[in-house]
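To keep things clear, I will list the structure first and then write my remarks on it.
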Amino acid sequence: MKRFILFSLILISFTSCDIIYVNPGDGRDQFLGDYHVEEYSTTYRAWTNYSIHITRSSAYDEIFLNNFYGADLCIYARIQGDQITIPFQVVDGYEVEGSGYLTGRRIEMTYRVKDRYQYRPVSDFCETTAYADF
C-alpha cells in the first residue's frame with residue numbers, strides 16, 4: 001500500500017502542471033497622452049513648438065498621432081516595445097515616414113515630411129522630442 005501511495009504521489013507530481021498566464025498589458029499604453037513637441041527641421045534649420053495627442057488605433061500594434069508636424073495631421077504609427085515606426089503614408093497631401101523610440105515619458109523621433117501641394121515639393125527632415133504632459 002505504501003508503494004502504491006508513493007507511486008501515486010510521484011505520478012501526480014509528474015502529470016500535474018500549472019498554467020500561469022501573465023498578461024503583459026497593452027504595450028501602447030506607455031505612448032498614450034498629450035505631449036509638448038520641440039521639432040527641429042534640418043532642412044530649414046528652424047525650431048517649431050506644438051502639441052500632439054496620441055491615442056490607440058483599432059489595430060493591436062498601432063497608435064494615432066494627432067496634430068503631427070503641427071499641421072493638424074492624424075497619422076498612424078506601429079509600436080513594438082519602446083520602438084515606434086511611422087510607415088510611409090500620404091495624409092492630407094503630405095507624405096510622411098520615420099521612426100523613433102520611447103525613453104521614460106519622452107519620445108524621440110526622426111522623420112521626413114513632404115508637402116505635395118507645393119509647386120516644388122521639398123522633403124523636410126525633422127528631429128523631434130515629444131515631452132509628456134502630466
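Cβ-Cβ contacts under 8 Å between residues 6 or more apart (or on different chains), taken from a first residue in the range 74-87 that is touching a residue at least 24 places away in the same chain (Cβ under 8 Å) to a second residue that is of a type in the set (Lys, Arg) and not in a strand (DSSP E or B), are listed as 79/28.
Quick check on residue 102: is it in contact with an Asp or Glu (Cβ under 9 Å, 6 or more places away or on another chain) and in contact (Cβ under 8 Å) with a residue 40 or more places away in the chain? Yes, satisfied. For the range 45-59, a residue qualifies if it is surrounded by 11 or more Cβ atoms within 10 Å (Cβ to Cβ) and of a type in the set (Ser, Thr, Tyr), and the qualifying residues are 48, 50, 51, 55, 57.
Taking the range 86-109, which residues are surrounded by fewer than 14 Cβ atoms within 10 Å (Cβ to Cβ) and part of a strand (DSSP E or B)? Break it down into steps so the answer makes sense when it comes.
Applying the first criterion (surrounded by fewer than 14 Cβ atoms within 10 Å (Cβ to Cβ)) to the range 86-109 yields 87-90, 92-93, 101, 103-104, 106.
Selection gives 87, 88, 89, 90, 101, 103, 106.
Against the criterion of being outside any strand (DSSP E or B), surrounded by 15 or more Cβ atoms within 10 Å (Cβ to Cβ) and modelled with pLDDT under 95, residue 28 qualifies. Taking the criterion of being in contact (Cβ under 8 Å) with a residue 60 or more places away in the chain and within 20 Å of residue 116 (Cα to Cα), the residues of the range 34-73 that qualify are 41, 42, 43, 44. With respect to residue 48, is the statement that it is part of a strand (DSSP E or B), farther than 18 Å from residue 110 by Cβ and of a type outside the set (Phe, Trp, Tyr) true? Against the criterion (part of a strand (DSSP E or B), farther than 18 Å from residue 110 by Cβ and of a type outside the set (Phe, Trp, Tyr)), residue 48 does not qualify.
The values are calculated or read from the model by the stated rules, or taken from the named source; none is laboratory data. Keep in mind that this is a model prediction, so the values were computed, not measured. Please note: Cβ atoms are built from the backbone with ideal geometry, for glycine as well, and neighbour counts cover all protein chains shown.
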